[in-house]
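Written out below as structure tokens is the structure these notes cover.
The values are calculated or read from the model by the stated rules, or taken from the named source; none is laboratory data. Everything numeric here is computed off the predicted structure, so don't read it as measured data. Here Cβ is always computed from backbone atoms with ideal geometry, including for glycine, and neighbour counts include all displayed protein chains.
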Amino acid sequence: MATIQQIIEQNNSNIRSQTAPGSITRFVDANMRDVIAEELRARGVITVAGTGNLPSLSHTNTGTVLVVDIGLFTALNSSDPANGETTFSSADANWLWKKVLDVSSAGNDKLTMTEDDSYSLTNGYLSDKVMLRPSDDVTMRVGLTPGGEEIMLETDLTANQWKVISMDIVASGADVEIFFTGVTADVEIIIFKWKL
């Protein structure tokens, strides 16, 4: 694994030799991401573990633990967590691992529509974007009412190409219906959602 200094020197020579727009940025980003992740693990800043390993980890060796598909945990100087906190035991007496970032609450729903239809965003979720990919060219709109276009104005979509739509829909207190109009071919839809 290269050091940060080696990557800086390598990138300086690449800046002189690469001309494609964005190629330098992608090269720097990919290398720096790997080096920074390795450096954080090597210094004990973060540890990657499973929930079954949390009871054997001490807060004196690492301050943060990433549990894949669960979340990010930090040490909590208490043996009695507050109500509603997700915690796991630690190797240290009177210490717990407290979840501070929940990655399990994120997700997406995938569906295919063959005609105008709607999707129900479940109460307690937020949706920040939707992706559409028709099997044939279509002209669609997306709204909060049947035939509405509050989310996406009438737009021509090209066959087999994804269209990403940003939206901020919050289902708080009740489900929210999202209507898809102009579906004249199979349309793959991915709804990204987060638990509130």
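Can you tell me which residue is farthest from the chain's Cα centre (by Cα) among those in segment 47-71 that are among the aliphatic types (A, V, I, L, M) and either crowded, with 16+ Cβ neighbours inside 10 Å or at pLDDT 80 or above (or both)?
Filtering segment 47-71 down to residues among the aliphatic types (A, V, I, L, M) leaves 48-49, 54, 57, 65-68, 70.
With either crowded, with 16+ Cβ neighbours inside 10 Å or at pLDDT 80 or above (or both) added as a condition, the list becomes 49, 54, 57, 65-67, 70.
Details: Ala49: 19, Leu54: 23, Leu57: 27, Val65: 18, Leu66: 15, Val67: 15, Ile70: 12 Å.
Checking each candidate, the answer is Leu57.
Of the listed requirements (1) at pLDDT 95 or above; (2) in a loop (DSSP other than H, G, I, E, B), Glu154 misses just one: (2). Do we find a residue being part of a loop (DSSP other than H, G, I, E, B) and under 30 Å from Asn77 (Cβ atoms) anywhere in segment 162-178? No, because not a single residue in segment 162-178 is part of a loop (DSSP other than H, G, I, E, B) and under 30 Å from Asn77 (Cβ atoms). Cβ separations smaller than 8 Å between residues 6+ apart or across chains give the following pairs from segment 163-183 residues that are under 19 Å from Thr112 (Cα atoms) and modelled with pLDDT of 95 or more to residues that are buried (at least 19 other Cβ atoms within 10 Å of the Cβ) and among the small types (Gly, Ala, Ser): Ile178/Ser127.
Selection of segment 100-120 for residues being of a type in the set (Gly, Ala, Ser), assigned to a loop (DSSP other than H, G, I, E, B) and in contact with a Phe, Trp or Tyr (Cβ under 8 Å, 6 or more places away or on another chain) yields only Ser105. For segment 121-150, the set of residues classified as assigned to a loop (DSSP other than H, G, I, E, B) and closer than 11 Å to Met167 by Cβ consists of Leu144, Glu150, listed by residue number.
Here Gly147 meets the list (1) at pLDDT 95 or above; (2) surrounded by fewer than 15 Cβ atoms within 10 Å (Cβ to Cβ); (3) at negative phi almost entirely, failing just condition (3).
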